[in-house]
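Undergrad: This is the structure I want to talk about, given as structure tokens.
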Amino acid sequence: MALTHLNQRGEAHIVDIGEKAATRRRAVATARLEAKADTIALILGGELKKGDALAVARIAGIMAAKRTAELIPLCHPIPLSSVSVEIVADGADLLVTATAETTAQTGVEMEAMTAASVAALALYDMAKSHDRAMRVLAIQLEEKSGGKSGDFRR
């Protein structure tokens, strides 16, 4: 199987998407923050010393999605139609869910995954003085739609 991000000499390059049609695309990615129960309660209750961790994490995730092409070297810059970041308790963890949408020539998976990752890291940063044992886990694509390769659902 030929790798599309390598040119004929085997060197990394950005894929030419010039001939592809712009289509509506959507991706959902998640990340988990594992923390002590009291840390999660402080985050959800907005009671951390640094302030409202949920608001900071949502904004950080949105900002990260907008800058994905600057962070991932072979990722195309694309116009984002929308980005949302939701954070909820899920068992003993916090689940960060990022949804990104675009109408473009290439997918929006990396933007969703970057948003979920950075939002989880922002939660860590906000709560690290209370719980240094937190872990960011299982950053993954949950679903995507649109584009030539079709739909995906984990």
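Undergrad: Can you tell me how many residues within the stretch 123-138 are buried (at least 17 other Cβ atoms within 10 Å of the Cβ) and in a strand (DSSP E or B)?
TA: Going through the stretch 123-138 one residue at a time, the tally reaches 1.
Undergrad: Among the numbered criteria (1) over 14 Å from the mean Cα position of the chain (by Cα); (2) without any contact (Cβ under 8 Å) to a residue 40 or more places away in the chain, which single criterion is violated by GLN105?
TA: Result: GLN105 fails condition (2) only.
Undergrad: Keeping to the stretch 87-102, report how many residues are loosely packed, with under 15 Cβ neighbours inside 10 Å, in contact (Cβ under 8 Å) with a residue 24 or more places away in the chain and not aliphatic (A, V, I, L, M).
TA: 1
Undergrad: Which of (1) assigned to a helix (DSSP H, G or I); (2) out of contact with any helix residue (DSSP H, G or I) (no Cβ under 7 Å at 6 or more places or on another chain); (3) within 19 Å of THR23 (Cα to Cα); (4) not acidic (Asp, Glu) does ALA120 not meet, given it meets every other one?
TA: In the conditions (1) assigned to a helix (DSSP H, G or I); (2) out of contact with any helix residue (DSSP H, G or I) (no Cβ under 7 Å at 6 or more places or on another chain); (3) within 19 Å of THR23 (Cα to Cα); (4) not acidic (Asp, Glu), ALA120 misses (3) alone.
All of the numbers you see were taken from the coordinates with simple rules; none came from a lab. If you're wondering where the values come from, they're calculated on a predicted model, not measured in any experiment. Because the Cβ atoms are built from the backbone with ideal geometry, glycine has one as well, and the counts that use them run over all protein chains shown.
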